[in-house]
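Read the structure below first, then the notes.
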Amino acid sequence: MTRTTFHVGESFPVAMDGRDPLAHFRERFYIPKTKQGEDSIYMCGHSLGLQPKTAGSYIDQALQDWAQLGVEGHFHAKNPWMPYHRLLRQQTADLVGAQASEVVVMNSLTVNLHLMMVSFYRPTAQRHKILVECGAFPSDQYAVKSQILFHGLDPASSLLELAPREGESCIRDEDIESLIDREGNSIALIMLGGVNYATGQVFDMAGITRAGQCKGCVVGLDLAHAAGNIPLRLHDWGADFAVWCSYKYLNGGPGCVGGCFVHERHARSWERPRFAGWWGHNEKTRFQMGPDFHPMDGAEGWQLSNPPILALAALRASMETFSEAGLERLRAKSVLLTGYMEFLLGQELSAKFSIITPREQERRGAQLSIRLPRDGRKLCDRLTAEGLIGDWREPDTFRVAAVPLYNSYQDVYRFVRYFSAALS
Ligand SMILES: *Cc1c(COP(=O)(O)O)cnc(C)c1O
């Protein structure tokens, strides 16, 4: 990529939007409106992605099939419900860099995290720790601690937290590797976010996986803020498992079904314990309704229940948009949008706030986390009322993301203008 030079003036974003090959995708989404009926400046795709306009028709189709066919919809719907989740499989695999048999769309993120830990956190007297990032998303912290307790262990001695150095906000890659090197023999599971939800830092997932597995640790990744945001190569990196949700960058809609990756090397790990449900049973014999569980190969063997078709329908609408735009093109635009936002913020009042997200493009995704010294919450509420939507995370962080599918360079320009006006 040739380096783009950013400019401060208003003609720059107009020109960039004019030659953006992805600009037309914005029209495929509903952009929330301000009270005055204008498009709001939506910078919150890291929290809840916007609705693709096609989602309604995909859901309607499933509703109509249900109305007209009742139970027969399982086999005779336009897209039969029985294999419906497979419609999402290849696109999902492409998105996270996996083989089709390594992924499944099911449940929600925290549920999948628990299911994976049931199978992959197998503490022994010598190797019992879980390594997490300090200040991980609360649900991950609760899940991990409750798994430790479930095994009769004590989080005080079995939970190992990676913290940034004194006075720093992000964790240094070399600190992660040296901790793994030091403690690796006592670590059963390394469970890290691909992109930290608070700082927006991207971890070196390939390096961490390699370092952890060299020490005999299992490596799991939480990709809530990574899926649909940055390119992933889960199969090649060799992570043991990964989980993610689909309502953030993936635009699947509130509470939509999550995703799960299990590396091929575990596709037939029948000796590992797992919490089983009928949907994970070999589909050829599932309806013989036998008493014994015979799991399917691969990630599908961890399914519990028949999936919510209406939610999957919405996700299909979104995943098709993703495939069409292509993650590589999206990432290229994302790097520019975020770089441009950082550039503009750097021109403005930099004494009043700081950006805690790493500056290097390979160490961040779309999100910038802006630390505000005081009254940040009030400022954030005021901006939201005016139609500038980001989100506030206690105690001091304003998180914003320009999402390449539907945000424009002019959004970024307007965002920085309003934001700096509100600050001064
Ligand atoms: C968004 C997010 C969650 C949310 O979990 P759900 O089970 O989908 O409610 C969990 N972990 C991380 C890291 C997140 O970013």
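Just a few scattered comments:
- Checking Ser108, Ser101, Ser57 one by one, the residue that is away from the ligand (no atom under 16 Å from the Cβ) and assigned by TED's automatic domain parsing to the domain that holds Met205 is Ser101 and no other.
- Condition met for Gln410 (open to solvent by 70 Å² or more (accessible area, probe 1.4 Å), modelled with pLDDT of 95 or more and either more than 19 Å from the chain's Cα centre (by Cα) or farther than 25 Å from Ser169 by Cα (or both)): yes
- Among the residues of segment 118-145, those identified as open to solvent by less than 60 Å² (accessible area, probe 1.4 Å), within 13 Å of the ligand (Cβ to nearest atom) and in contact (Cβ under 8 Å) with a residue 24 or more places away in the chain are Val132, Glu133, Gly135, Ala136, Ser139, Asp140, Ala143, Val144.
- His225 away from the ligand (no atom under 15 Å from the Cβ) and farther than 18 Å from His114 by Cβ: no
To keep it simple, each residue is scored yes or no on (1) without any contact (Cβ under 8 Å) to a residue 60 or more places away in the chain; (2) within 30 Å of Pro21 (Cβ to Cβ); (3) open to solvent by less than 50 Å² (accessible area, probe 1.4 Å).
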{"position": "Arg268", "(1), (2), (3)": "yes, no, no"}
{"position": "Arg274", "(1), (2), (3)": "no, no, yes"}
{"position": "Ala299", "(1), (2), (3)": "no, no, yes"}
{"position": "Ser318", "(1), (2), (3)": "no, yes, yes"}
{"position": "Arg331", "(1), (2), (3)": "no, yes, yes"}
{"position": "Glu342", "(1), (2), (3)": "yes, yes, yes"}
{"position": "Lys352", "(1), (2), (3)": "no, no, no"}
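- Residue check, Lys78 open to solvent by 40 Å² or more (accessible area, probe 1.4 Å), touching a residue at least 40 places away in the same chain (Cβ under 8 Å) and not assigned by TED's automatic domain parsing to the domain that holds Arg414: no
- Complete set of residues in segment 59-92 that are charged (D, E, K, R) and within 28 Å of the chain's Cα centre (by Cα): Asp60, Arg86, Arg89
- Restricted to segment 276-289, and to residues there that are without any contact (Cβ under 8 Å) to a residue 24 or more places away in the chain and open to solvent by less than 50 Å² (accessible area, probe 1.4 Å), the residue that is nearest to Gly97 (Cα to Cα) is His281.
- So Trp302, is it aromatic (Phe, Trp, Tyr) and in contact with a Cys (Cβ under 7 Å, 6 or more places away or on another chain): yes
- Residue in segment 337-360 that is in a helix (DSSP H, G or I) and within 20 Å of the chain's Cα centre (by Cα) present: yes
- Any hit, segment 378-401, residues being within 20 Å of Leu22 (Cβ to Cβ) and of a type in the set (A, V, I, L, M): yes
- Criterion violated by Arg363 - all others in (1) modelled with pLDDT under 95; (2) open to solvent by 40 Å² or more (accessible area, probe 1.4 Å) satisfied: (1)
The rows are residues; the columns are (1) away from the ligand (no atom under 16 Å from the Cβ); (2) of a type in the set (D, E, K, R).
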{"site": "Ser11", "(1), (2)": "yes, no"}
{"site": "Asp17", "(1), (2)": "yes, yes"}
{"site": "Asp20", "(1), (2)": "yes, yes"}
{"site": "Ala23", "(1), (2)": "yes, no"}
{"site": "Arg28", "(1), (2)": "yes, yes"}
{"site": "Ile31", "(1), (2)": "yes, no"}
{"site": "Glu38", "(1), (2)": "yes, yes"}
{"site": "Gly49", "(1), (2)": "no, no"}
{"site": "Lys53", "(1), (2)": "yes, yes"}
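- Selection status of Ala239, in the same structural domain as Gly194 (by TED's automatic domain parsing), touching a Leu at 6+ places or on another chain (Cβ under 7 Å) and within 15 Å of the ligand (Cβ to nearest atom): no
- Some residue of segment 1-8 being closer than 29 Å to Leu337 by Cα and open to solvent by less than 60 Å² (accessible area, probe 1.4 Å): yes
The values are calculated or read from the model by the stated rules, or taken from the named source; none is laboratory data. As the structure is a prediction and not an experimental result, all values here were calculated from the model. Neighbour counts are summed over all protein chains in view; Cβ atoms, including those assigned to glycine, are modelled from backbone coordinates with ideal geometry. Accessible surface is based on the protein model in full, side chains and every heavy atom, while ligands, DNA and RNA are left aside. Shrake-Rupley method; radii C 1.70, N 1.55, O 1.52, S 1.80 Å.
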